Every structure is written in structure tokens, then in C-alpha cells.
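No value in this document is a laboratory result; all are computed from the given coordinates. The model shown is predicted, which means the values in this text are computed figures rather than measured ones. Ideal geometry is used to build each Cβ from the backbone, glycine not excepted, and the neighbour counts take in all protein chains shown.
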Amino acid sequence: MVPGDFYNADTSAWIYVPDAARPAVNDNINRHHSARFTWQASPRNRLNLSWDLQQDCVCHSGLTGAAAPEGVHRWNFGPPNYILQVTWSRPATSRLLFEAGATTLIFDYPTVPTEPLPRRTSAIAPRPARGATATRSPISGSRRPRRSSAVWRNSAPRWSSEVMDTRSRRSDEMNRREAIGLLGAGAGLGLLSSSLASAGNAAMWQAAASPARNVTFAKGAIVRTILKDLSPDALASGVTLFHEHLSIELPPVQPTQQRPANAPAPQTPATADVNLIIEEVKVAAKDGITCIVDGGHADMGRRLEYLKQIANATGVHIVASGGYYMERTYPPELQTRSEDQIADDLAREAGANRYGAFGEIGESPNAAMSELERKVFRAVGKAHVRSNIPIFTHNAYGTGPNVPKDAGLRQLDVLESAGVKPQHVAIGHTCCLDDPEAEIIKQIAKRGAWVGFDRVTTLERIVPDDKRVKMVLALLDAGYTEQLLLSSDFTGARTLEGPLYGRTKTVFGAKLRAAGVKDETLHAILFDNPRRFLAFVPKKSR
């Protein structure tokens with residue numbers, strides 16, 4: 001009902017006479033329907049057919065003091081407006097994407113009287129200053145104007161264009177990151193076009209960001225960032241990446257003096273350019289990334305001052321980590337120092353430098369854990385016992401046949417032997433283990449530790465993402481949703497293509513969703529699990 005407004009008692013009269021027995025009404029109905037069909041014609045060729053319809057009924061609207069009811073209330077305005085699109089995409093290389101498509105956008109405006117009216121009825125418009133006057137515009141029986149526009153699109157990583165009919169023209173530029181990001185996200189989200197893709201992706205994750213459950217933390221628990229301590233709830237609004245690299249300059253595998261004279265000079269890593277990383281983190285923030293854990297430390301060439309610059313410049317929370325990487329990067333003094341001496345130093349250093357994690361703590365490629373690495377693992381475990389700071393590891397899965405399949409379980413054994421409880425440990429790089437039935441990772445989760453899938457979208461030559469998705473599904477089916485962590489281990493060397501720091505969410509998250517993982521499950525994995533892992537109650541230093 002519209003208070004104070006009534007139907008006109010006599011629609012053929014020049015003067016508006018309210019019918020007090022018939023109050024005016026405002027009756028709006030909105031309907032939305034959509035469908036999508038995706039055909040993977042071959043491993044590299046994908047066809048999409050998308051249809052989206054909006055149908056609104058404005059049956060009795062517009063009744064205000066400025067318009068007489070007979071002029072507006074009798075019309076059923078129900079336009080079935082829809083978009084029909086067909087697209088084809090094919091990646092040519094990791095840097096070049098071919099994409100083409102056609103889009104038809106239909107605007108259909110049928111206006112039909114909701115009750116019989118004389119075709120020459122005048123629409124009366126009351127004007128408060130001078131009383132009611134007639135516009136003398138007849139109300140016709142029905143109208144059905146129709147507009148449509150066709151859009152053709154083709155794209156490559158550095159450009160795209162759209163050409164519409166004479167009513168609308170526009171062109172824009174697509175860079176490498178956007179194009180490859182669309183390729184990855186398009187696999188799971190059914191995007192309609194480059195502009196609609198961004199809107200659709202953001203809308204999906206905005207919905208997924210709504211808390212699906214109440215997450216509780218121990219009294220006094222914090223997440224320690226490079227700038228300040230946060231309540232874990234401060235990270236609830238976005239995705240946290242538990243293992244990336246914002247500053248890393250690893251020493252070469254072969255010392256310079258052992259390199260052949262004609263060997264090319266080592267390339268400067270992308271993370272050496274702090275301004276570049278600042279811009280990439282800003283892009284990630286737009287993708288919904290709230291917090292990034294840097295997995296480097298001094299023996300990996302990590303620069304704490306860079307992390308502070310990035311945090312201050314972007315507003316994204318940055319967690320710094322401590323520890324030692326693997327035997328080839330250890331400082332010489334670790335050979336002679338005891339576990340307790342190393343642990344004491346790590347605990348003191350963590351307090352002084354505001355470390356929020358110990359990681360990544362690793363072992364050498366294509367080998368089992370060495371005795372020195374075992375000593376360092378136990379020292380890191382003891383440093384955790386002194387501080388409560390969580391630990392994430394680096395596994396050598398995929399680097400050669402000499403890596404034990406149960407290497408992750410062995411790491412957990414060593415840390416537990418030093419007094420660490422499994423719920424404070426994330427076993428890393430399990431996504432690089434070719435374990436189709438997820439047997440090893442289910443054993444890790446069963447013991448209470450976190451399962452780290454922290455190379456998603458990268459190093460697919462070891463284990464492709466489609467296999468990783470199946471492993472995740474097996475882990476979720478086994479009931480271990482609350483023990484899975486996702487990240488991409490960005491270093492710059494192998495991951496400079498694509499959406500960079502946002503790829504865990506925008507690419508791999510989309511693949512999981514396409515595989516049937518529900519939004520509330522994705523929310524738990526990407527929003528809740530990382531802050532649960534990072535939260536700890538600080539211990540006072542000795």
C-alpha cells in the first residue's frame with residue numbers, strides 16, 4: 001500500500017478524483033535466471049556458452065504526490081533483458097592466451113496495461129502549485145521497444161578489444177597478468193567477459209567472505225605482524241597467505257667460484273625490487289588478500305626493512321618469519337652450536353624482530369633429512385616451546401627419487417620429539433607429492449598437524465593443479481577441512497606470470513569451486529584456517 005494515494009475514480013475525467021475504496025499499491029517483482037555450459041573440447045581448447053536473464057515487473061509503481069495514479073499504476077513493465085555469450089579460449093604459451101567470443105545483449109521493454117483502459121485515456125499529472133492539469137498524452141494499449149547489441153572480443157596477454165554497435169564503442173588494454181588471470185579464473189567461474197569477469201569474481205568472493213562459522217581463539221591469542229600484534233579477528237575479512245616470499249635472494253646452488261667461466265651471471269630476483277613487490281601486493285589487496293606471511297629469513301637473503309616498507313605502503317598485514325632454510329644455506333657456526341644454543345638464539349631473535357612464525361624450515365633437495373638439518377629442526381622446535389610461535393616446513397617433494405614419500409611425517413616426528421604439539425606445525429609443499437589418494441597428507445592431518453598446499457598454481461611440472469585439486473577433495477572428503485592451508489610460495493623466479501600473490505584465491509580457489517567445493521568450505525580454508533594457524537599466546541622471553 002502507498003499511504004495517502006488512491007486509484008482515480010474516473011479515468012476518463014479531466015480532474016483527478018480519488019477512489020477512497022481503492023488504496024494505491026506498489027508492487028515490484030524482480031527475477032533473475034542464469035545458466036552456463038562449459039565444454040573442454042581438448043586439454044587446451046575450452047568453449048563456454050553463458051545465458052543471463054533479468055525480468056522485472058513494475059506492476060503498480062511510481063505513485064507519489066507528483067503523479068496521478070491512472071498515469072502510471074496500470075502498467076506491467078516486465079522487460080526480459082538478457083545476455084547471451086559464446087567464448088573460446090586457448091593458451092598458446094605461458095605468456096600468450098588466445099580468446100574470442102560473441103555477446104548479444106537484449107533490452108526488451110514490453111509495457112502492457114494491467115486492466116482495461118480506453119485507448120485515448122489522458123494521463124493526469126497533479127501539480128501542487130496550480131492544481132491538477134492533464135498532459136493530454138494518450139495511454140496506448142501496449143508498447144514493446146527492443147534494443148540489442150552484439151559484442152565481439154579477442155584478446156592476447158597484452159591487449160584486447162571490444163567493438164559494439166553504433167550506440168556504444170569502447171576499447172581497453174589487457175596486460176599479461178589480467179589475461180592469464182582470466183584464463184585461470186575462467187576455468188572455474190564461467191566469466192562473461194573481461195569486465196564482467198572481474199565483477200563476477202569479486203562478487204563471488206564477497207559472498208564467500210561472509211563468516212560461515214564462529215571461530216574461537218585462546219584467551220590472549222594474537223597474530224604477530226612486522227608492525228604490530230593483531231587480534232586474530234582482524235584477519236577475518238580477507239584471505240591470509242601462509243607462505244609467500246616478499247624478499248628473497250637465495251645464494252646460488254653452486255658457489256660463484258665453482259661456476260663455469262662461460263656460465264651466464266645469476267639473474268637478480270624480482271623480489272630485490274621492493275617497489276615492484278609493493279605494486280604487486282597492492283594488486284593482491286584488491287583481490288581480497290588481507291595478510292601475507294613471508295617465508296624467508298636471514299640465510300635466504302630476506303630483508304626485514306623491505307617487509308616494513310611493503311606493510312606501510314600497502315596496508316596489507318605482513319608476518320615475518322625466522323629460522324634456517326636448509327643445510328646449504330646454514331651459517332657455519334651451526335655446525336658447532338648445540339640445539340639449545342640455537343633455540344635460545346632463535347627465540348631471542350624472534351622477540352627482537354617481531355617474528356610471527358618460524359619458517360620455512362627445510363631440508364635439502366633429492367635427499368633425506370641430514371643430521372645437521374635434524375639438529376636445526378629440533379632447535380626450531382625448542383624455540384617454539386620457548387615462544388609458542390607456529391612453524392611451517394619446506395619439503396623436498398618433487399626434487400628427485402631420493403626424497404622419502406613420508407618425508408613430511410618424518411619432519412613431524414622430529415618436531416614432536418622436541419616438544420612441539422602437531423597443531424602448531426604446518427607441513428609444507430605436500431602439494432608437490434604425487435599422492436593421488438592423499439594417503440600421506442591424510443596421515444599428517446590425522447596426527448593433528450596442518451597440511452600445507454603452498455605451491456598451488458606453480459611448479460605444475462611436478463604435480464599439475466588438476467591432480468592437486470583431486471588431492472584436496474580427498475582430504476576434504478576425509479573430514480580434514482579445518483587442517484588445510486593454501487598458498488603459492490611466490491619467489492619471482494618461477495611465478496612472475498599470472499596474478500602473482502592473488503593466485504591462490506583467484507586461480508586455485510576458483511578451480512576448487514569449479515570442482516564442487518562449497519563457498520563456506522572455501523571460506524574456512526582461505527579466511528579462517530590461516531589465522532587459526534598463526535594465532536598464538538606469546539610466552540615471556542627468558
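Can you tell me the dipole magnitude for region 289-336 around its Cα centre, using point charges on the Cβ only (Lys, Arg +1; Asp, Glu -1), in Debye to the nearest 20?
The dipole magnitude comes to about 160 debye.
For region 285-430, state what percent of all Cα-Cα pairs lands in each successive 5 Å bin, counting from 0 Å until the bin that includes the largest distance.
2, 10, 19, 22, 20, 13, 8, 4, 1, 0
Want the number for Glu371 to His33: 0.36 nm per residue separation, take away the alpha-carbon distance, what's left?
Roughly 115.5 nm would be gained on extension.
Please sort 457-469, 298-310 by packing, taking for each peptide the average over its residues of neighbouring beta carbons within 10 angstrom, highest first.
298-310, 457-469
Please rank Val517, Val537, fewest neighbouring Cβ atoms within 10 Å first, as an exposure proxy.
Listed from fewest to most nearby Cβ atoms, that is Val537, Val517.
Ranking Glu327, Glu279, Glu437 by Cβ neighbours within 10 Å, fewest first, what do you get?
Result, fewest neighbours first: Glu437, Glu279, Glu327.
Only counting other Cβ atoms within 10 Å, I'd like Glu371, Glu360 sorted with the fewest neighbours first.
The fewest-first ordering by Cβ neighbours comes to Glu371, Glu360.
Rounded to whole Å and sorted largest first, what semi-axes of the equivalent ellipsoid does the C-alpha gyration tensor of region 439-542 yield via the square root of 5 times each eigenvalue?
One finds semi-axes of 23, 19, 14 Å for region 439-542.
Can you tell me the order of 430-436, 413-419, 316-322 when each peptide is scored by its average per-residue count of other Cβ atoms within 10 angstrom, highest first?
316-322, 430-436, 413-419
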